[in-house]
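The values are calculated or read from the model by the stated rules, or taken from the named source; none is laboratory data. The structure presented is a predicted model; accordingly, all values stated were derived computationally and were not measured. As a convention, Cβ positions derive from the backbone with ideal geometry for all residues, glycine included, and neighbour counts pool all protein chains shown. All accessible areas refer to the heavy atoms of the entire protein, side chains included, with ligands and DNA or RNA removed. Shrake-Rupley method; radii C 1.70, N 1.55, O 1.52, S 1.80 Å.
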Amino acid sequence: HINVKKCCYMYFSPNKRSKNDINADHDDHHLSINSKIISRVSYTKFLGVTIDDKLNWRAHIQSLNMKLRSTCGRIYRIKQCLPESLYKQIYHSLFESHLGYAISVWGGISSNQIKPLFVTQKKCVRILFGDSEKYLDKSRTCARIRPINRQKLGSKFYEKESTKPLFTKHELLAVENLYRHRCIMEMFKTIKSHVPVSLFSLFKLSTRKDNLLITPRPTEQFIYKSSWLWNEFRSTSTLNFSSRLSAVKNSVRNVILSAQSKYGSEWNELNFTKF
């Protein structure tokens, strides 16, 4: 049985086409089930992922960022009631579980698009692992509630605590590196187990170089991204498709964490691209 009230359809179109052109093409076309018209939408949620008609994932990023910001508020409120030994577990269960959900599907977008999620991720890390007194002091901007020798606020007051040392200390993956790790592992599982067959058939193993993949035309899609990332990882490791899953998982994570901690105390673009 199909619930017509919950049904909708979406017309996928290139980004170059304007909404007016698309609407003009569909003014005379309607979909219906049992004489009931199905509404057309520009985005909808499917299995927890918001899919839009341009496949640019902007709607999903916006929706996910709102959820993560709300999670930061909940974490802030319960933090004082929990022992410090549970902070990392709280981060993985309440925050990273949402951030990493289906990330191999939508995470191949540009750095500018994914930046709002990284900003929210850094906020969560500051709340859990940063200097609590310094974080709370940021809200005390009124001169009447500050000591007389600290009423004048200089530039240092508005500087945020650097999160890179916190990520390194607690071995946390930034959102872009979380995407790289998930991509490689999902690709490795698919090739090693040959399932799902529909996805396995899209990967092309190189016949000239052992344990490397032939990368398709560059896109933001999973097949290209995972193939390219695996080849880059293989340049720093001797592991191959016959290696144990746990060995590959630990090795990929350690290599990414090592690259993430390099290039100074502040974030660098190379932290998210190198192995």
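For the reader, a short list of remarks on this structure follows.
- All conditions but one from (1) in contact with a Phe, Trp or Tyr (Cβ under 8 Å, 6 or more places away or on another chain); (2) over 18 Å from residue 114 (Cα atoms) apply to residue 72; the one that does not is (2).
- Taking the stretch 193-265 as the region of interest, the helices (runs of 4 or more DSSP H) fully inside it that hold 2 or more residues being among the polar types (S, T, N, Q) are 222-234, 245-260.
- Where residue 249 falls short, out of the listed (1) open to solvent by less than 90 Å² (accessible area, probe 1.4 Å); (2) within 14 Å of residue 183 (Cβ to Cβ); (3) not hydroxyl-bearing (Ser, Thr, Tyr): (1)
- Residue pairs meeting the criteria (Cβ under 8 Å; at least 6 apart or on separate chains; first more than 16 Å from residue 166 (Cα to Cα) and in contact (Cβ under 8 Å) with a residue 24 or more places away in the chain, in the stretch 85-102; second assigned to a loop (DSSP other than H, G, I, E, B) and open to solvent by 60 Å² or more (accessible area, probe 1.4 Å)): 102/47
- Taking (1) at pLDDT 95 or above; (2) of a type outside the set (Lys, Arg); (3) not in a helix (DSSP H, G or I) in turn, residue 71 satisfies each apart from (3).
- Test: residue in the stretch 75-97 that is hydrophobic (A, V, I, L, M, F, W, C), under 24 Å from residue 269 (Cα atoms) and outside any helix (DSSP H, G or I): no
- Odd one out for residue 226, checked against (1) under 20 Å from residue 103 (Cα atoms); (2) open to solvent by 40 Å² or more (accessible area, probe 1.4 Å): (2)
- Subset of the stretch 259-275 (residues that are of a type in the set (S, T, N, Q) and over 14 Å from residue 166 (Cα atoms)): 268, 271, 273
- Out of 233, 188, 241, sole residue that is over 18 Å from the mean Cα position of the chain (by Cα) and surrounded by fewer than 17 Cβ atoms within 10 Å (Cβ to Cβ): 241
- Of the residues making up the stretch 2-57, those that are open to solvent by 70 Å² or more (accessible area, probe 1.4 Å), among the charged types (D, E, K, R) and modelled with pLDDT of 80 or more are 5, 6, 36, 40, 45.
- Top-ranked residue in the stretch 98-114 [being assigned to a helix (DSSP H, G or I) and open to solvent by 20 Å² or more (accessible area, probe 1.4 Å); ranked as nearest to residue 225 (Cα to Cα)]: 105
- Where residue 139 falls short, out of the listed (1) at pLDDT below 90; (2) open to solvent by 80 Å² or more (accessible area, probe 1.4 Å); (3) more than 30 Å from residue 265 (Cβ to Cβ): (3)
Okay, residues lined up against (1) of a type outside the set (Val, Ile, Thr); (2) modelled with pLDDT of 95 or more; (3) farther than 17 Å from residue 223 by Cβ:
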position	(1), (2), (3)
127	no, no, yes
132	yes, no, yes
157	yes, no, yes
162	yes, no, yes
183	yes, yes, no
192	yes, no, no
198	yes, no, no
205	yes, no, no
